[in-house]
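The values are calculated or read from the model by the stated rules, or taken from the named source; none is laboratory data. Predicted, not measured: the structure shown is a model, and the values here were computed from it. Virtual Cβ from ideal backbone geometry, glycine too; neighbours counted across all protein chains shown. Ligands, DNA and RNA are stripped out before the accessible areas are found, and what is left, the full protein with its side chains, is counted by its heavy atoms. Shrake-Rupley method; radii C 1.70, N 1.55, O 1.52, S 1.80 Å.
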Amino acid sequence: MAGMVAVDPYVLLTFFASLLGFLVLSVLRRRNYSKAKSKAQNNNNTTNVPEKSINRFDDGEVSLVHGSGTDVIVVGAGVAGGALALTLAKEGRHVHVIERDLTEPDRIVGELLQPGGYLKLIELGLEDCVEEIDAQRVVGYALFKDGKNTLLTYPLEQFHSNVAGKSFHNGRFIQKMREKVAKLPNVQLEQGTVTSLLEENGAIKGVQYKPKDGRELKVYAPLTIVCDGCFSNLRRTLCKPQVEVPSCFVGLILQNCKLPFANHGHVILGDPSLILFYQISSTEVRCLVDVPGQRVPPIANGALANYLKNVVGPQVPRELYDAFIAAIDKGNIRIMPNRSMPASPHPTPGALLLGDAFNMRHPLTGGGMTVALSDIVVLRDLLKPLHDLHDAASLCTYLESFHTLRKPVASTINTLAGALYKVFSASLDEARTEMRQACFDYLSLGGVCSTGPVALLSGLNPRPLSLVFHFFSVAVYGVGRLLLPFPSLKRIWLGARLLWSASGIIFPIIKAEGVRQTFFPATIPTYHRAPPAE
């Protein structure tokens, strides 16, 4: 009893000290919460960022803090996320990758890697990701119009013999990268759904996510890179989404048939729009039928199958017709909206957007993976001298230059994709019809009239000024066709309309990309903030 009485004062003292500490902590927590809430409201008023995709640190929720020591969080493990994780891990960074679904993707786009993109893959040391997946070599395009055709070959003479375009099953390519990611000791690859970004004092500090077991977890890192694809639920936090859907792709797989021109992508300038064919394995040919607008005929009642057979079928090369009809009858028809979104970032400390979550263009030219891989090269070089990513001031300063440094390549490919789609699509406007014919005839001339545009298309020469030069060369060539040998008032008027139509196609796209950023990046202050190369 005497011993127990001796201990009682200490027990009481501990109890009252704990109670006092709890009260003080509660008051301070409430005060910090009020400040954070006030600041969040101010940020929302100025940046118009939706609350649902940002989670404040002091939100009163209890969840497991997970992943200490992580340098970079990568949201998404598709082409962009997988390549980024591999690249940063090779630089010695500790990377935590969170992917919504780690099973093999089954998509009808992202199946053609242009030669410029393959060169970026080599530069990143990831060229083995297209090996052992039955990838096919692509050396150019075959263009068809009104029973005529012309071959457009990639200008690959100055490169190693292995350099070419690569076509493959998108899912196989991604799984090959994920296998490599999973083997790296400094990468944690996890299946889970990221529900929100964690923000403190205007900077992103990590993410909140749900793994397969359904728990709510948080992981923190000095840099979070969101590349969770075209369906991203986080992009509104980090950019101004202006998504347009000009058309939809209807996808089929043709079995055991041969393309008229081996190792070439085939583009049929059909009516009302384009038809694409390219090999994705040794026994399979991908067919993509572009259907203008945001809706396609319904599948359930057979309207889409009838459209493909009766409208598209007669325009398919005879070598592919039987396989095309057989693929329709088989019934495995896929539909994918074609999205276009210029890069309009909200610069946010601690976070970055990449891939289709950030920037999309019409997939006609197959430039998406080239842009993503080029962006990763830019980002790798920016981060290379920053040994400590926790140096928030330096990280923020250098990352500001990312959006400027990527512009010439990305804007060239984006602008070409948008402009070419509008030029190649059939139109009731006589001037647009003349522009379409002029483009086909210009590319058929060969020489620089062929290699110049194809070098742009392939990502081998992503120069904005070269794009503008060739685009208006097509327009001037079209006017010349109208005025020779004898001009008339009607033809002069049609030529003027053709030039006006050409301007109406390309200038809005360039404006959306940013004239100064695209053509004069060196005049942007952030261009000069990149760290010096070591």
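Just to verify a number: what accessible area does I98 come out at with the full protein assembly present, 1.4 Å probe, Å² rounded to tens?
Near enough 0 Å² of accessible area.
Counting only trypsin sites (Lys or Arg not before Pro) that sit in a DSSP loop (anything but H, G, I, E, B) with at most 14 other Cβ atoms within 10 Å, what is the longest stretch of the chain containing none of them?
296-534
Using only Cα atoms, find the angle between the long axis of helix 464-483 and the longest principal axis of the chain, and express it within 0 to 90 degrees, rounded to the nearest 10.
Value to nearest ten degrees: 30.
Could you check what % of the DSSP bridge pairs in the chain are antiparallel, to the nearest 5?
DSSP beta bridges in the chain are roughly 65 percent antiparallel.
State in Å² the accessible area per residue of the chain; use a 1.4 Å probe, count heavy atoms of protein chains only, and round to the nearest integer.
Heavy-atom accessible area per residue stands at 46 Å².
Any chance you could give the angle, 0 to 90 degrees and rounded to 10, that helix 318-330 forms with the longest Cα principal axis of the chain?
That works out to roughly 40 degrees.
Using the structure shown, select from K166/K407; K90/K183; K145/K422; K183/K205 the pairs with a Cα to Cα distance greater than 18 angstrom.
K166/K407; K183/K205, as the Cα separations exceed 18 Å there.
Taking Cα atoms of the stretch 244-340, Rg/Rh with Kirkwood Rh, to two decimals?
0.94
For the chain, how big is Rg over Rh, using alpha carbon atoms and the Kirkwood form of Rh?
Here the Rg-to-Rh quotient is 1.07.
Let me check against my output: what whole-number percent is the relative contact order of the chain, with C-alpha pairs under 8 Å and at least 6 apart?
Reported relative contact order: 16 percent.
Is any residue of the stretch 272-299 close enough, with backbone N under 14 Å, to a label point placed 7 angstrom from the Cα of V245 along the Cα-Cβ axis, and if so, which?
Of the residues in the stretch 272-299, 291-298 have backbone N under 14 Å from the label point off V245.
Which of the aspartates and glutamates could a cross-linker bridge to K309, judged by Cα under 16 Å and excluding same-chain residues fewer than eight apart?
Cα-Cα hits under 16 Å: D271, D290, E319, D322, D329.
So what's the angle, to the nearest 10 degrees on a 0 to 90 scale, between helix 170-183 and the longest Cα principal axis of the chain?
Here the helix axis deviates by roughly 30 degrees.
Using a 1.4 angstrom probe on heavy atoms only, work out the carbon and sulfur share of the accessible area of the chain in %.
Carbon and sulfur together cover 58 percent of it.
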